[in-house]
Amino acid sequence: MINLEVDEAYAFDYLSILYIKKNFSHKSYEQWQKCFAFLQKQINNNIFWDNIINSGEFKSMIQANQLTFEAVNKAKNNEITAKDVDYCNYQRHIAKINFQKKFFSCDINEVKIGYEKYESQN
């Protein structure tokens, strides 16, 4: 395995994706467990860890990923537009920003391109 240095929100977004997938297969559950333990070991503060995992911001990332997952599945059958899928992905981005700001007091490094349209609507 390769360890990659990423923003905390990116890492927890990945954990939230695995959280959704863990109910689909034993292998996915094992991946979620490994990632959970790997991140928890790096936080090294049980109270802070519990605050993160039980936070509304982490739950928002799970919800945004669930919506994106469902939208992609609908798109496979042309039941939803690409714009709708893209908007779900934008919601994921906003959830990551909010998570990063709340728990790690800094901006994310990820740069999204083409979301100016959504930002001007908010």
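The values are calculated or read from the model by the stated rules, or taken from the named source; none is laboratory data. Computed from a prediction, not measured in an experiment: that's the story for all the values here. As a convention, Cβ positions derive from the backbone with ideal geometry for all residues, glycine included, and neighbour counts pool all protein chains shown.
Just checking, does segment 105-115 include any residue being over 11 Å from the mean Cα position of the chain (by Cα) and not in a loop (DSSP other than H, G, I, E, B)? Taking every residue of segment 105-115 in turn, none turns out to be over 11 Å from the mean Cα position of the chain (by Cα) and not in a loop (DSSP other than H, G, I, E, B).
So for segment 47-60 (the condition being out of contact with any strand residue (DSSP E or B) (no Cβ under 9 Å at 6 or more places or on another chain) and touching a residue at least 60 places away in the same chain (Cβ under 8 Å)), does at least one residue qualify? I'd like the intermediate steps shown before the answer.
Applying the first criterion (out of contact with any strand residue (DSSP E or B) (no Cβ under 9 Å at 6 or more places or on another chain)) to segment 47-60 yields 47-60.
Add one more test, that the residue is touching a residue at least 60 places away in the same chain (Cβ under 8 Å), and what stays is none.
No.
This table checks each residue for (1) at pLDDT 95 or above; (2) among the β-branched types (Val, Ile, Thr).
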site	(1), (2)
Val6	no, yes
Tyr10	yes, no
Asp13	yes, no
Leu18	yes, no
Ser25	no, no
Gln31	yes, no
Phe36	yes, no
Gln40	yes, no
Asn45	no, no
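Looking only at residues in segment 64-97 that are free of Cβ contacts under 8 Å to residues at least 60 places away in the same chain and among the small types (Gly, Ala, Ser), the one that is farthest from Tyr19 (Cα to Cα) is Ala82.
Across segment 81-99, which residue is nearest to Glu119 (Cα to Cα) among those that are in a helix (DSSP H, G or I) and β-branched (Val, Ile, Thr)?
Going through segment 81-99, the residues in a helix (DSSP H, G or I) turn out to be 82-99.
Subset that is β-branched (Val, Ile, Thr): 85, 94, 97.
Details: Val85: 16, Ile94: 10, Ile97: 13 Å.
Per the stated criteria, the residue is Ile94.
Taking each residue of segment 9-24 that is part of a helix (DSSP H, G or I) and looking for partners that are surrounded by 18 or more Cβ atoms within 10 Å (Cβ to Cβ) and of a type in the set (D, E, K, R) with beta-carbon atoms closer than 6 Å, six or more apart or interchain, yields Ala9/Lys96; Asp13/Lys96.
So that you can scan it fast, the table gives a plain yes or no per residue for (1) surrounded by 12 or more Cβ atoms within 10 Å (Cβ to Cβ); (2) touching a Lys or Arg at 6+ places or on another chain (Cβ under 9 Å); (3) among the charged types (D, E, K, R); (4) part of a helix (DSSP H, G or I):
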| site | (1), (2), (3), (4) |
| --- | --- |
| Glu30 | yes, yes, yes, yes |
| Asn51 | yes, no, no, yes |
| Ser60 | yes, no, no, yes |
| Gln66 | yes, no, no, yes |
| Glu70 | yes, no, yes, yes |
| Glu79 | no, no, yes, no |
| Lys101 | yes, no, yes, yes |
